[in-house]
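The values are calculated or read from the model by the stated rules, or taken from the named source; none is laboratory data. Fair warning: this is a prediction, and the values are worked out from it, not measured in the lab. Note that we place each Cβ from the backbone using ideal geometry, even for glycine, and neighbour counts take in every protein chain shown.
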């Protein structure tokens, strides 16, 4: 996935042009927000995750920590995926003391149909581990190759394939039970 | 249902979530946070610079005072030796 404009903007940010970062946000926020929402299963978490991810990306660019080995887009996907995976783990680990907390409060500005579909997707993928879920979403939903998925998740290509097989098997097993 | 149907359902749910987008003003909120961070960093850098300048000035004053004291001592020694000679 070539992103010459993003590379240019990233170089400008690295040279101290703060406003160039707005271009990166404008160009990528839709795709990255959907990725964060699909991985975390919550529109509320998605926005927080994405905001944190952008701040991390900006810091890395300013401190010259982006080495340019991968494309800017893949690199941003990596930051957002890691942040969303952490948020999902935190959400799963959080004990639900109040029944009202079980259902996260949703932003009313978000399209209700999309929100409902996201809830359904979250429910459908609920049997999968965070790792299996992220591989399935990146490979089958976002359309990344095995190599790119491995690069985004920071694991081997073999691990990606293995998680994908397990994810599909778990979905099959769940279907058999229902 | 088989694996293909699983993928079809996944695709259908994915399409349905395609309308999701950040709430209005998201980009502005991100940029406000980033500008605030840059501003904070800039003040920190200025603070460090000011601290270094103050330390350098103090060191310069101390060295100057030290040199002045040395000159005074030398002058006094010279004066004493002249008095003794006379």
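Screening residue B:8 on (1) more than 7 Å from every other protein chain (Cβ to nearest Cβ); (2) under 30 Å from residue A:63 (Cβ atoms); (3) surrounded by 11 or more Cβ atoms within 10 Å (Cβ to Cβ) shows it passes everything except condition (2).
With the structure loaded, tell me whether residue A:90 is exposed (fewer than 15 other Cβ atoms within 10 Å of the Cβ), touching a helix residue (DSSP H, G or I) at 6+ places or on another chain (Cβ under 7 Å) and free of Cβ contacts under 8 Å to residues at least 24 places away in the same chain or whether it fails that test. It is false that residue A:90 is exposed (fewer than 15 other Cβ atoms within 10 Å of the Cβ), touching a helix residue (DSSP H, G or I) at 6+ places or on another chain (Cβ under 7 Å) and free of Cβ contacts under 8 Å to residues at least 24 places away in the same chain.
Just one of the listed residues (A:16, A:41, A:23) is crowded, with 18+ Cβ neighbours inside 10 Å, over 27 Å from residue A:126 (Cα atoms) and in contact (Cβ under 8 Å) with a residue 12 or more places away in the chain, namely A:23. Taking the criterion of being under 13 Å from residue B:10 (Cα atoms), surrounded by fewer than 20 Cβ atoms within 10 Å (Cβ to Cβ) and free of Cβ contacts under 8 Å to residues at least 24 places away in the same chain, the residues of segment A:113-123 that qualify are A:120, A:123.
For segment B:19-55, residues that are part of a loop (DSSP other than H, G, I, E, B) and facing another protein chain (nearest Cβ under 7 Å) total 6.
Does residue B:15 satisfy being farther than 29 Å from residue A:61 by Cα and assigned to a helix (DSSP H, G or I)? Here the answer is yes, as residue B:15 does meet what is asked. Residues that are more than 14 Å from the chain's Cα centre (by Cα) and either over 30 Å from residue A:69 (Cα atoms) or free of Cβ contacts under 8 Å to residues at least 12 places away in the same chain (or both) within segment A:130-149 comprise A:145, A:147, listed in sequence order.
Would you list the helices (runs of 4 or more DSSP H) that sit entirely within segment A:1-68 and hold 3 or more residues that are facing another protein chain (nearest Cβ under 8 Å)?
Because the criterion is at least 3 residues that are facing another protein chain (nearest Cβ under 8 Å), the helices (runs of 4 or more DSSP H) in segment A:1-68 that meet it are A:20-40, A:43-62.
The helices (runs of 4 or more DSSP H) found wholly in segment A:96-178 and carrying at least 3 residues that are modelled with pLDDT of 85 or more and within 10 Å of another protein chain (Cβ to nearest Cβ) occupy A:112-124, A:157-177.
The set of residues from segment A:50-71 being at pLDDT below 95 and either within 24 Å of residue A:147 (Cα to Cα) or surrounded by 22 or more Cβ atoms within 10 Å (Cβ to Cβ) (or both) comprises A:65, A:66, A:67, A:68, A:69, A:70, A:71.
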